[in-house]
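The values are calculated or read from the model by the stated rules, or taken from the named source; none is laboratory data. Bear in mind that the values here come from a model prediction, so they are computed numbers and not experimental data. When we count neighbours, we look across all protein chains shown, and the Cβ atoms used for this are built from the backbone with ideal geometry, even at glycine. Just the protein is used for accessible areas: all its heavy atoms, side chains included, with ligands, DNA and RNA removed. Shrake-Rupley method; radii C 1.70, N 1.55, O 1.52, S 1.80 Å.
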Amino acid sequence: MALLRWVSTVVVIGAIAGGVYYTMHGSNAPDGAAEGRRARNGGFGGPVSVIAKDAETADVPVYLEGVGSVKALNTATIRAQVDGRLLSVNFKEGQDVKRGDLLAKIDPATYQAQLDQAIAKKALDEALLANTKHDLERFQKVGTLAISQQQIDTQVALIKQQEAQVKSDVASIENAQAILGYTTIVAPFDGRTGIRLVDEGNLVHAGDTGGIVVITQVQPITALFTLPQQELPTLTKALEGGLLSAQALSTNSQTELDAGTLKVIDNQVDAQTGTIRLKAEFPNDKRQLWPGQFVNVRLLVDTLKGVIVAPTEAVQRGPDGTYVFIVAADNTVQMRTVKITRQDDKYAVIADGLAAGEKVVTSGFGRLKDGATVSVSDGTSAPADVKPHRKSSPEGKKSTSLDKNAQGATEAAALVTGSTAEDVKRTGKHHHHNRDNGASP
């Protein structure tokens, strides 16, 4: 009899367990799918959460931007103008130098000797000239009674020849001084030295192509860049108002490196590329610009005064053109067609279709349509009219169902075996009451 009760208990518990399994995997699945649909529909059919910002009235600058490279205002390769041994190098690599600073010294002995020779030759010729002049004076005192007129005329011509020789000597001296001066190499302008190309003690020549060092003037500095030829009318019109301000930007156009002015527009268009070259000059006080560096250059050509602007991300494009979603006072949205005159990565200039102060949607377009109800946020906080909703996880539902079904199974098992529900919960097993007072089957 006890065996029969045990078998019956096992059968009932198995049936209850099967019911629990069916409840968990069958009845809960539709609830999970329904909840997923509600999640996709956003807030269980509630208002659409969006971010919105106000349209504003502002002065909008108009820029033209081109790609170019930085070029030193002046560049000079310092070369020897005379042959000789390099006695000294008087600069450090990367040093800032001023105009006239000593850079290098070449052995001057040979050229000093040439200068001395020129000076001596001049002294000799000046002595001859003085003697010839004295002879002429004597001839003129004696007159034609002692010598002929021909001798006097010859003496006058000889004086002129010797005077010309003295002038030639002066020129030779100046040339020798200039050559001697070439042995002292100085900076031609304010700039910065590069890497030294020749070391001290080497023999340098006037025909060397490499030179001793390259000096570049980096303060101020220039940037060469190009713009499409279609922008020429805008440029020429803008130049009528004076110099155009220019900004040197990093290659991603996110960082301003320096600010300067446009200096020149090239006098011809490149027929192969259809572009025009321009040069802008920058003070480069912080030395953010370096010769050879690639930069973007932005020119301010105009400023639109008092125009309506909206965030660029608010502007949408459809088959009928550009449009925005306007948030009404009752938290519904209206699709409105707008006309755009200019647009950049931050703002769009609205020529028609939008007024200052109107709120436009900038994010949350996924389920947005004309007339939809929305909950609005400014992007820094949660929407004010959306209450936090705590969704129960499928696991939580399963756990709850499992607890309820387990409780039902416990009570049913208690009824079959004769145990109480409290006993089953406390001990975790069924107490079998033996009506045969412990007799084994």
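The label-point distance for Arg317 and Leu243, in a model that sets each label 7 Å from Cα toward Cβ, rounds to 3.9 nm. When only the Cβ of Lys, Arg, Asp and Glu is charged (+1, +1, -1, -1), the dipole of the range 90-232 relative to its Cα centre reaches about 320 debye.
For Glu126, the accessible surface of its heavy atoms amounts to roughly 80 Å² (probe 1.4 Å, protein chains only, rounded to the nearest 10).
Annotation: Thr362 carries an accessible surface of approximately 20 Å², with a 1.4 Å probe and no ligand, DNA or RNA atoms counted. A Förster radius of 41 Å, combined with the Cβ-Cβ distance separating Ser148 from Val186, puts the computed FRET efficiency at roughly 0.10.
Tell me, what is the FRET efficiency for Gln177 and Ser250 to the nearest 0.05, using R0 = 45 angstrom and their Cβ-Cβ distance as r? Working from the Cβ atoms, E equals 0.30.
Quick one: how many lysine pairs in the range 53-177 have C-alpha atoms under 16 angstrom apart, if they're 8 or more apart or on different chains?
Working: Lys92/Lys105; Lys121/Lys167; Lys122/Lys160; Lys122/Lys167; Lys133/Lys141; Lys133/Lys160.
Going through the range 53-177 pair by pair, I get 6.
May I ask you to rank Ser69, Ser375 by accessible area, largest first, using a 1.4 Å probe over the protein chains only? Don't skip to the end; give the middle numbers.
Details: Ser69 40, Ser375 0 Å².
Ranking Ser69, Ser375 by accessible area, largest first, yields Ser69, Ser375.
Bridging of Lys237 to aspartates and glutamates at a Cα separation below 14 Å is possible for Asp302, once same-chain residues fewer than 8 apart are set aside. For every other residue with a beta carbon closer than 13 angstrom to the beta carbon of Gly353, add +1 if it is Lys or Arg and -1 if Asp or Glu, then tell me the sum. Local net charge: -1. Counting Lys and Arg as +1 and Asp and Glu as -1 over every other residue whose Cβ lies under 12 Å from the Cβ of Gly84, the net charge comes to -1.
Local charge sum around Arg336 (other residues, Cβ-Cβ under 13 Å, Lys/Arg +1, Asp/Glu -1)?
So the environment of Arg336 carries a net charge of -2.
When only Cα pairs below 8 angstrom with a gap of at least 6 residues are kept, the range 167-231 shows a relative contact order of 32 percent.
Amide H contacts of Gln95 (H built 1.01 Å from N, in plane; Pro and chain starts excluded): Thr193 sit under 5 Å, all sequence-distant by 5 or more or on other chains. Taking amide H as placed 1.01 Å from N in the peptide plane, Leu244 has its amide H under 5 Å from the amide H of Leu262, each at least 5 places away in sequence or on another chain.
For the range 48-61, 3J(HN,Hα) computed residue by residue from phi via the Karplus equation (6.51, -1.76, 1.60; θ = phi - 60°) reads 7, 7, 9, 10, 9, 9, 7, 6, 10, 9, 8, 8, 10, x Hz, glycine and proline entered as x. About its Cα centre, the dipole of the range 68-161 is roughly 260 debye, where the only charges are +1 on Lys and Arg Cβ and -1 on Asp and Glu Cβ.
Could you give the dipole magnitude of the range 242-335 about its Cα centre, charging the beta-carbon of Lys and Arg +1 and that of Asp and Glu -1, in debye to the nearest 20? List each step's numbers first, then the result.
Values: 8 positive and 10 negative charges, 59 e Å.
So the dipole magnitude of the range 242-335 works out to roughly 280 debye.
Exposure check, 1.4 Å probe, all protein chains in place: Tyr182 carries approximately 90 Å² of accessible surface. Can you pull the one-decimal nm distance between simple spin-label points at Val264 and Thr110, each 7 Å off the Cα toward Cβ? So the two model labels end up 3.9 nm from each other.
Order the following by accessible area, largest value first: Phe294, Phe282. Probe radius 1.4 Å; ligands, DNA and RNA are ignored.
Numbers: Phe294 145, Phe282 0 Å².
Largest accessible area first, the list is Phe294, Phe282.
Close amide H contacts of Val338 (hydrogens built in the peptide plane, cut-off under 5 Å, sequence separation of 5 or more or a different chain): Thr322, Tyr323, Val324.
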